[in-house]
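Okay, structure first, notes after.
The values are calculated or read from the model by the stated rules, or taken from the named source; none is laboratory data. All values reported here derive from a predicted model rather than from experimental measurement. Note that we place each Cβ from the backbone using ideal geometry, even for glycine, and neighbour counts take in every protein chain shown. These accessible areas exclude ligands, DNA and RNA; they are computed on the full protein's heavy atoms, side chains included. Shrake-Rupley method; radii C 1.70, N 1.55, O 1.52, S 1.80 Å.
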Amino acid sequence: MIRPITRHGGAILRQKACPVQKLTADIQKLIDDMIETMYAAPGIGLAAPQVGVGLRVFVMDVSSGRSSGDLHVMINPEMVIHEGVQSFEEGCLSVPNFQATVPRPKRAIVRGLNREGKSYEIEGTGLSARALQHELDHLDGSLFLDRLRGVKKELILRRINKLKRTGQW
Ligand SMILES: [Zn+2]
């Protein structure tokens, strides 16, 4: 089932998500729905708070479904290593139609549980490293806009506020 995506301004996006305690049927359903919602959007990553659930779960597929081995489900993830810096244009399904250049690690390793509850790691470079950190940020109540500075950030926030005022958000 495709779930509605919460946009910037939704309180859940600003809350620190809670660890998953038990892999219940509800959690498995949440994961299925998140995968479906991510592909339908389309996007390369989606965190549970973006579908209104304050749990530490994200799904990610930097190939957008083109390569089956690229789909990852991460439960209770932690950043193990992040190193280097890269800056690229980035967007977010919760901030549709806005992009900005965000500094991110060049390489990242994230450890968490898969949907069977087994511990595993994802090592990412380039786009994957960026996506990993982007999704982890969501679980801590942070959006890519928070990593911007100055005029660009103000400009985007002003345009979002205008869309909100006119009921287009
Ligand atoms: Zn996002």
What does the charge dipole of segment 27-140 about its Cα centre add up to, to the nearest 20 debye, if the Cβ of each Lys and Arg holds +1 and the Cβ of each Asp and Glu holds -1?
120
Express the carbon and sulfur contribution to the solvent-accessible surface of segment 38-82 as a percent, rounded to the nearest whole number, probe 1.4 angstrom.
50
DSSP beta bridges in segment 1-76: the antiparallel percent, rounded to 5, is 90
Out of all DSSP beta bridges with both ends in the chain, state the antiparallel percent to the nearest 5.
95
Relative contact order [Cα under 8 Å, 6+ residues apart], the chain, whole percent:
22
On a straight-distance basis, which lysines could pair with Lys22 in a cross-link, Cα separation under 23 angstrom, same-chain partners fewer than 8 positions away excluded?
Lys118
So, for the chain, what is the accessible surface per residue at a probe of 1.4 Å, expressed in square angstrom?
51
When the Cα centres of segment 5-54 and segment 76-138 are compared, how far apart do they sit, in Å?
15
Label point 7 Å beyond Cα of Arg165 along Cβ direction - residues of segment 1-28 with amide nitrogen under 11 Å
none
Out of the total accessible area of segment 89-152 (probe 1.4 Å, heavy atoms of protein only), what percent is carbon and sulfur?
46
Near Gly141, within a Cβ-to-Cβ distance under 12 Å, what is the net charge of the other residues, with Lys and Arg +1 and Asp and Glu -1?
0
